[in-house]
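Novice: I have a structure I would like to understand better, so I am pasting it below and will then ask my questions one at a time.
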Amino acid sequence: MTTDMPYAEVIGDPIAQSKSPLIHKFWLDRLGIKADYRACHVAASELADYIAQRSADPAWRGCNVTIPHKIAIMDLVNDPGGVREKIGAMNTIFRQEDGSLTGTNTDAAGFLAPIADADWAGKRAVIIGAGGAARAVIFALKQAGIADITIVARNGLKASGLLMQSSVKGSVLPMDARLPTVDILINASPLGMMGKPPLELDLDPLPDDALVYDLVYAPLETGLLKAAKQRELEIVDGLDMLIGQAALAFELFFGATPPLEDDAELRKLLLA
Ligand code: NAP
């Protein structure tokens, strides 16, 4: 597709569930920028063709990348920031002025934004899941100074590989293990998401000042967050990260800072 109006996209398979078009269109509208942002279904076998075709269209500013392309995309774009080595997954591709394509990962900074005021140096974390989101979370936690990370995963080998790559001190536990006593617990798996099995965890081992962060945002209040609230633990839901990672991508696509003062309104729209 060739069009004169600048546009960006989110690509994945499936893609209909993506909230990214709603977020980016909300900001484009608020800022009066004449551009578009849309969802594009791209199957794994179509990824290389998609990138080749879009890179020939100067109106295309780039794309957000979701399941299952976050790893495969790294072979198709430039990586001046060393994202492959540091995180091992990309979620944003943007066009440089010379037309070349650069890949980056805004999930890590988007994840950290809502908890950045706390001091995480020397603290302990548990992460559920060992996929693309977990990679970004580990990188972000490492940058924040976390001392020890336990990954709870069904695929222990994959989780051990992630830990080794990150060179953070830590361990791997199976899904049914008792949780260790940690300062922050993060769900980076789809468990608890609409249409997926619930995440069943006994939160008793967590201290009263622990924080529970669920990356899942549909539903916004997951079973995990409900259980954490019952324990009166501090919680962070997945919408903050969703908006945070999108804001960084928006700047790369459209060269403008999103009006973050309208966040409350955007959250309402996303929940409607
Ligand atoms: P992913 O790459 O597919 O990884 C998912 C991880 O969860 C994998 O380690 C997978 O295990 C594990 N998992 C899946 N089903 C499981 C089950 N039934 N039991 C145990 N483990 C299971 O996905 P992702 O990109 O990391 O995304 C994970 C979640 O985070 C999704 O719900 C996504 O929507 C959310 N997310 C939210 C944001 C946000 O901005 N809020 C951003 C990124 C992702 P295997 O390794 O064995 O397959």
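The values are calculated or read from the model by the stated rules, or taken from the named source; none is laboratory data. All values reported here derive from a predicted model rather than from experimental measurement. As a convention, Cβ positions derive from the backbone with ideal geometry for all residues, glycine included, and neighbour counts pool all protein chains shown.
Novice: Can you pull out every residue in the stretch 121-137 that is within 9 Å of the ligand (Cβ to nearest atom), of a type in the set (Gly, Ala, Ser) and more than 9 Å from the chain's Cα centre (by Cα)?
Specialist: Within the stretch 121-137, 129, 130, 131 qualify.
Novice: Next up: Among residues belonging to the stretch 9-24 that are more than 23 Å from residue 55 (Cβ to Cβ) and surrounded by fewer than 23 Cβ atoms within 10 Å (Cβ to Cβ), point out the one that is modelled with the lowest pLDDT.
Specialist: Going through the qualifying residues, I end up with 17.
Novice: Collect the residues in the stretch 85-95 that are surrounded by 11 or more Cβ atoms within 10 Å (Cβ to Cβ), at pLDDT below 95 and of a type outside the set (A, V, I, L, M, F, W, C), keeping them in residue-number order.
Specialist: 86, 88
Novice: If I go through the stretch 228-258 residue by residue, how many of them are more than 16 Å from the ligand (Cβ to nearest atom), in contact with a helix residue (DSSP H, G or I) (Cβ under 8 Å, 6 or more places away or on another chain) and among the aliphatic types (A, V, I, L, M)?
Specialist: The qualifying residues number 1.
Novice: Is it true that some residue in the stretch 22-31 is assigned to a helix (DSSP H, G or I), in contact with a Lys or Arg (Cβ under 7 Å, 6 or more places away or on another chain) and within 30 Å of residue 219 (Cα to Cα)?
Specialist: No, the conditions are met nowhere in the stretch 22-31.
Novice: Does residue 183 satisfy the condition of being more than 30 Å from residue 53 (Cα to Cα), without any contact (Cβ under 8 Å) to a residue 12 or more places away in the chain and charged (D, E, K, R)?
Specialist: So residue 183 does not fit the description; no.
Novice: Also, I was wondering about something else. If you go through the stretch 103-123 one residue at a time, how many are surrounded by fewer than 22 Cβ atoms within 10 Å (Cβ to Cβ) and among the acidic types (Asp, Glu)?
Specialist: 2
Novice: Only one residue in 218, 228, 246 is more than 11 Å from the chain's Cα centre (by Cα), over 14 Å from residue 190 (Cα atoms) and of a type outside the set (Asp, Glu), so which one is that?
Specialist: 228
Novice: Right, here's the next one. Looking at the stretch 143-168 only, could you name the residues that are under 25 Å from residue 233 (Cα atoms) and in contact with a strand residue (DSSP E or B) (Cβ under 8 Å, 6 or more places away or on another chain)?
Specialist: Within the stretch 143-168, 146, 147, 148, 149, 150, 151, 152, 153 meet the criteria.
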